[in-house]
Amino acid sequence: MTSSSSAGVPDLRERRRLQTYASISDVAIELFERSGVDGTTVEQIADAAGVSPRTFFRYFRTKEDAALTSYIAFADRITSWLENETGEDLVVSLESAIEQAMEQIDADVQVRERLLRVRRLLEREPALHSAAAQSDASSVAEFARRLMRKPHSSLSESEALLISSLTVTIATIAMQEWAAHVDAGGADSTLAAAYARVRRSAHRHFGRAG
């Protein structure tokens, strides 16, 4: 008989781990909204989430990382897509991966709302903005490595980094535009549509990366 975990369904231990991970993140965002990043400690986050500080650090390196789970999930989706993408146009592959990840966010109300809340925090919390920038830099480096490992890739390291940097920048601007539009009353705005608009604009003014 196939176990639930081997069939692709998380077992009880994994479900509890994911629940704890999400709970800590939700608490961190709530406390940051209430008291700011500088006014919130790891101990406060852990206490409110019902875990010890030691447990907190098993899940996150810093208190800022605890609020950036949507970014981590976003990057993981793109990395997974790139790993399985077989198209020969590497720029199209990366853009398609980003678009797919954004469509998944649009389809998940909880993830969409969490990302909106974090985008708002980024506008007023320098420490969180800096952590997000570091996360973006790590993603750019990872995406570049994935592009260079493709069987049909002839990209140099600098070319792969340039392509990754440009596409991640376009995605970041799209997130900013999307969040601003939603906050201005555009409840029907989607992240994927915002990305498509910004991407078209970038292609029109600068041509396609690569």
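What the table shows:
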{"item": "Which listed residue is closer than 21 Å to Asn84 by Cβ and free of Cβ contacts under 8 Å to residues at least 60 places away in the same chain, from Val198, Val140", "result": "Val140"}
{"item": "Failed item in (1) over 15 Å from the mean Cα position of the chain (by Cα); (2) over 26 Å from Ala66 (Cα atoms); (3) touching a residue at least 60 places away in the same chain (Cβ under 8 Å), with Ser189 passing the rest", "result": "(3)"}
{"item": "The lone exception for Gly87 - which of (1) in a helix (DSSP H, G or I); (2) at pLDDT below 90; (3) of a type outside the set (Ser, Thr, Tyr) it fails", "result": "(1)"}
{"item": "Positions within the stretch 64-76 being part of a helix (DSSP H, G or I) and either among the aliphatic types (A, V, I, L, M) or out of contact with any helix residue (DSSP H, G or I) (no Cβ under 8 Å at 6 or more places or on another chain) (or both), in sequence order", "result": "Ala66, Ala67, Ile72, Ala73, Ala75, Asp76"}
{"item": "Residue list for the stretch 190-210, filter: of a type outside the set (A, V, I, L, M), surrounded by fewer than 18 Cβ atoms within 10 Å (Cβ to Cβ) and within 23 Å of Leu122 (Cβ to Cβ)", "result": "Arg197, Ser201"}
{"item": "Qualifying residues in the stretch 40-63 (those that are of a type in the set (Ser, Thr, Tyr) and assigned to a helix (DSSP H, G or I)) - the one surrounded by the most Cβ atoms within 10 Å (Cβ to Cβ)", "result": "Tyr59"}
{"item": "Which numbered condition Trp178 misses (of (1) in contact with a Ser or Thr (Cβ under 9 Å, 6 or more places away or on another chain); (2) more than 21 Å from Glu103 (Cα to Cα); (3) aromatic (Phe, Trp, Tyr))", "result": "(2)"}
{"item": "Count - residues of the stretch 9-27 that are modelled with pLDDT under 90 and touching a helix residue (DSSP H, G or I) at 6+ places or on another chain (Cβ under 7 Å)", "result": "1"}
{"item": "Any hit, the stretch 99-117, residues being in contact with a Phe, Trp or Tyr (Cβ under 9 Å, 6 or more places away or on another chain), more than 19 Å from Val182 (Cβ to Cβ), in a helix (DSSP H, G or I) and outside the structural domain of Leu18 (by TED's automatic domain parsing)", "result": "yes"}
{"item": "Per-region count, the stretch 118-135, residues buried (at least 16 other Cβ atoms within 10 Å of the Cβ) and within 13 Å of the chain's Cα centre (by Cα)", "result": "5"}
{"item": "Extreme residue, nearest to the chain's Cα centre (by Cα), among residues of the stretch 146-184 that are modelled with pLDDT of 90 or more and among the charged types (D, E, K, R)", "result": "Glu177"}
{"item": "Pair list, Cβ under 6 Å, 6 or more apart: the stretch 62-78 residue farther than 16 Å from Asp106 by Cβ, other residue crowded, with 23+ Cβ neighbours inside 10 Å and at pLDDT below 85", "result": "none"}
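Yes or no, residue by residue, for (1) aromatic (Phe, Trp, Tyr); (2) surrounded by fewer than 21 Cβ atoms within 10 Å (Cβ to Cβ); (3) closer than 20 Å to Val198 by Cβ:
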| position | (1), (2), (3) |
| --- | --- |
| Ala66 | no, no, no |
| Phe74 | yes, no, yes |
| Trp81 | yes, yes, yes |
| Asn84 | no, yes, no |
| Gln100 | no, yes, yes |
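The values are calculated or read from the model by the stated rules, or taken from the named source; none is laboratory data. Predicted model only: the values in this text are computed from it and were never measured. Virtual Cβ from ideal backbone geometry, glycine too; neighbours counted across all protein chains shown.
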